[in-house]
1. Can you tell me, using C-alpha contacts under 8 Å and at least 6 residues apart, the relative contact order of segment 238-324 as a whole percent?
2. Describe numerically, in nm with one decimal, the distance between label points set 7 Å from Cα along Cα→Cβ at residue 150 and at residue 90.
3. Read through the labelled values (1) 35, 60, 5, 0; (2) 28, 54, 18, 0; (3) 31, 53, 15, 0 and report the label of the one computed as P(r) over Cα pairs in 20 Å bins from 0, in percent from the structure.
4. Identify all aspartates and glutamates with a Cα-Cα distance to residue 206 below 16 Å; exclude those on the same chain that are fewer than 8 residues away in sequence.
5. One quarter of the convex hull surface, Cα atoms only: what value does that give for segment 139-189 in nm²?
6. Taking Rh as the Kirkwood radius, which is the inverse of the mean 1/r over Cα pairs, what is the Rg/Rh value for segment 34-80?
7. What part of the accessible area of the chain, given as a whole %, is carbon or sulfur when the probe is 1.4 angstrom?
8. Suppose the Debye formula is applied to equal point scatterers at every Cα of segment 122-229; what is log10 I(q)/I(0) at q = 0.11, 0.19, 0.21 Å⁻¹?
Amino acid sequence: MRVPVLLSLAIAACGNAAPPAIEPVAVESIAVPFDARDAARQGEGRLSYAGGVALRSSTPWFGGLSGLRCPDRCYAVGDAGVLLSFDRVERDGRLVGIQNVRGRALLDREGAAGAKATRDAESLVLSPGGAEALVGFERSNSLWVVPLGQPEWRARQVYTLPEMKDWPLNGGAETLAMLPGGVPLVIAEEAPDGGDRPAIAIGAVKRPDGTRANLAFRYRPPANFSPTDAALLDDERLIVLNRAFSPLTGVAMALVELPLAEIKEGATVQGREIARLRPPVSIDNMEGIDIRREDGRVFVYLVSDDNFNAAQRTLLLKFELLPE
């Protein structure tokens, strides 16, 4: 997450109001078109629009959503160190809202919510059975294992991988995905040298003695973009969400298809761009992605981080990814 200093201060202020316990959250859903200037336009390339909403709440800590997982009930993490869960509302296959929203602050192993420097949650994946979440944090460049079926969302384990120790303070564990076999993949938003982004497939290498080691490689995003999240498309491909911002042209997002076969120790992988969206399409600072398969069809869900800025929106969007 790259935000100006004033926005960072605003996020910190909101973070201090995080809930002490899991509690209901009142959220309003307002339908948004794919293109407000052209009602007939309902997609771009292989992306077919399947509905979307802007989410609003008077709850001060609601917003800043940066990671998304929607197996059945959805989970999202945000910059204020909050974990949300909610149900999607869909009619005739189109996303029209969310309901049954609940949220609370993520607690460290001692049960404390902590300060902004340790609660900037940017990414998450769920364990294969859905009992736990692995949450990625910027600034501390750490990964928390959080059991979900508890009265509080407290870290069971905290990992600080040596490969992540030099990742940028505000450009660290932005992307998490779960690879086949339950292998977590983490990609940095930025690189210490300003080049290709460092990435780690955790425990991907099996040693002769049966122990496992991490696999390190680099990801090259489209020019002027940074990776913000990723989700597994199938056993052979990963979809990476990338985000860009320019004061002249505003926000943009790009989806990249990355063959898993290219992920090897020391490799630099680039993938193939399959979609790029920018205004007047209804997008914002897109930071979270998940993929669902239903009846042989593939659906992509995206969420945006509003940075707790009144000029931005929290958007939840649904697209069908059409076959080539």
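The values are calculated or read from the model by the stated rules, or taken from the named source; none is laboratory data. Being a predicted model, the structure only gives us computed values, none of them experimental. Note: ideal-geometry Cβ built from the backbone for every residue, glycine included; neighbour counts use all protein chains shown. Please note that ligands, DNA and RNA were not included when accessible areas were found on the heavy atoms of the full protein model with its side chains. Shrake-Rupley method; radii C 1.70, N 1.55, O 1.52, S 1.80 Å.
1. 21
2. Here the modelled spin labels are 3.2 nm apart.
3. (1)
4. 265
5. 4.2
6. Ratio of gyration radius to Kirkwood radius: 1.07.
7. On the chain, the fraction of accessible area on carbon and sulfur atoms equals 52 percent.
8. Log10 of I(q)/I(0), two decimals: -0.35, -0.96, -1.13.
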